[in-house]
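The values are calculated or read from the model by the stated rules, or taken from the named source; none is laboratory data. The structure presented is a predicted model; accordingly, all values stated were derived computationally and were not measured. With ideal geometry, Cβ positions are generated from the backbone for all residues, glycine too; neighbour counts draw on all protein chains shown.
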Amino acid sequence: MAKKTYGKEKYELPRVIDEDVKTGSFKRVYLLFGEESYLKRQKKEKLLNALRQPDDNMNFTAFEGKGIDVSQIIDLAETMPFLAEYRVILVENSQFFKTSAPDALVDYLETIPESTCLIFCEEEVDKRGRLYKAVTKTGAAAEYQHPDADTLSKWVLGRVAKEQKKISEATLQAFLLRCGNDLEFASNELDKLFCYTLEKDCITAEDLDAICSGQPTDDIFDMVNAFSTGDAKKAFSLYYGLLQKKETPFHILLLIIRQFNLLLQIKDLREQGYDVKTIADRLGSRDWIIRKNLSQAGSFSIEQLKSAVRDGVAAEEAFKTGRMDERSAVELFLTKYA
């Protein structure tokens, strides 16, 4: 039987927007999508700043959410810009790319004027859909995923160097452990660090302890540890602590499912005989992250991890379909595993 494979190829940031801004040659349609909200927002602002003057509201229109009238988009797109090179239209979270897109919009993209730039910014996109294919034919689509470990490390080091500071490899790894692969969180934590170390040229582990708060994933890791020892009191204490930090029960459940799924992949690969470095490469992770989770994975059997993932998904389905309220579904799951 073929061995399982996990992870994805090394992730590289799409460069189409950077290149178009640099050359000043813009496409008629852009689609920015994916799970990494920080990068999407950053690239969206870069594109908008290049296409329009900040105070030019006459040639700029923004739409957001479901139920957008496609005829309004088309009417605006057909209107020549006034004392400007482009008419810019921004459409965010329309869900046009998730469900069946309006035929009028799909057909219109082939004839959109050169003087109009239509920018879609979406969370979920079906790449098989007609609208996605129409965008890639007429313009460009850029998918922004959470970066892999190498990409994130280079990004952090670039930010540190720009501030004319230094950071050791050990401190960098400690910082990445706190931030996970969330660029939004990492950026905010770096801003805090730069302010805290304003008079210093080196960021130390002591600075991290003093100013960085750490991701909810830290508490999730400890919560799963509590599951492995049957410490229900600690598990629920961590859960209620996350609720006080304004985390929703649904997000907590997703993080728990993700942690169990990570442990399942690590344990399965380990039992196939792979070493830490190979497992890290296959999962697009770092050696030290695999070592940390390998110990936790040893506290569970493959069947226990599979059951936890299945039960977590079942809990999610229970409140999404209305059979249980969100908090009850999550706490029932916690009770079973704590």
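Odds and ends about this structure:
- Verdict on GLY24 being at pLDDT below 90 and outside the structural domain of LEU190 (by TED's automatic domain parsing): no
- Taken together, ALA161, ALA186 contain a single residue that is over 20 Å from the mean Cα position of the chain (by Cα) and either over 19 Å from ARG15 (Cα atoms) or assigned to a loop (DSSP other than H, G, I, E, B) (or both), which is ALA161.
- Restricted to the stretch 28-73, and to residues there that are touching a strand residue (DSSP E or B) at 6+ places or on another chain (Cβ under 7 Å) and among the small types (Gly, Ala, Ser), the residue that is surrounded by the most Cβ atoms within 10 Å (Cβ to Cβ) is GLY34.
- Pick from the stretch 63-79, criterion in a loop (DSSP other than H, G, I, E, B) and among the β-branched types (Val, Ile, Thr), ranking: nearest to CYS121 (Cα to Cα): ILE68
- Scan of the stretch 267-282 for residues that are outside any loop (DSSP other than H, G, I, E, B) and at pLDDT 85 or above, ordered by number: LYS267, ASP268, LEU269, ARG270, GLU271, VAL276, LYS277, THR278, ILE279, ALA280, ARG282
- Test: residue in the stretch 278-286 that is surrounded by fewer than 21 Cβ atoms within 10 Å (Cβ to Cβ), without any contact (Cβ under 8 Å) to a residue 12 or more places away in the chain, assigned by TED's automatic domain parsing to the domain that holds VAL330 and touching a Leu at 6+ places or on another chain (Cβ under 8 Å): yes
- Scanning the stretch 243-266 for residues that are polar (S, T, N, Q) and assigned to a helix (DSSP H, G or I), we see that the one that is nearest to ARG282 (Cα to Cα) is GLN265.
- Enumeration of residues in the stretch 149-193 that are hydrophobic (A, V, I, L, M, F, W, C), surrounded by 18 or more Cβ atoms within 10 Å (Cβ to Cβ) and farther than 18 Å from TRP288 by Cα: VAL160, LEU183, PHE185, ALA186, LEU190, LEU193
Every residue, every condition in (1) surrounded by 15 or more Cβ atoms within 10 Å (Cβ to Cβ); (2) touching a Lys or Arg at 6+ places or on another chain (Cβ under 9 Å); (3) not in a helix (DSSP H, G or I), yes or no:
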site	(1), (2), (3)
LYS200	no, yes, yes
ASP209	no, no, no
THR217	yes, yes, no
ILE220	yes, yes, no
ASN225	yes, yes, no
LYS234	yes, no, no
LEU238	yes, no, no
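- Summed over the stretch 192-206, the residues that are in contact with a helix residue (DSSP H, G or I) (Cβ under 7 Å, 6 or more places away or on another chain) and closer than 17 Å to ALA161 by Cβ give a count of 4.
- Against the test of being surrounded by 14 or more Cβ atoms within 10 Å (Cβ to Cβ), under 14 Å from PHE227 (Cα atoms), modelled with pLDDT under 90 and over 22 Å from the mean Cα position of the chain (by Cα), the options ALA297, ALA318, ALA338, ALA308 yield a single qualifying residue, ALA338.
- Residues being small (Gly, Ala, Ser) and either on the phi > 0 side of the Ramachandran plot or in contact with a Cys (Cβ under 8 Å, 6 or more places away or on another chain) (or both) - total across the stretch 169-194: 2
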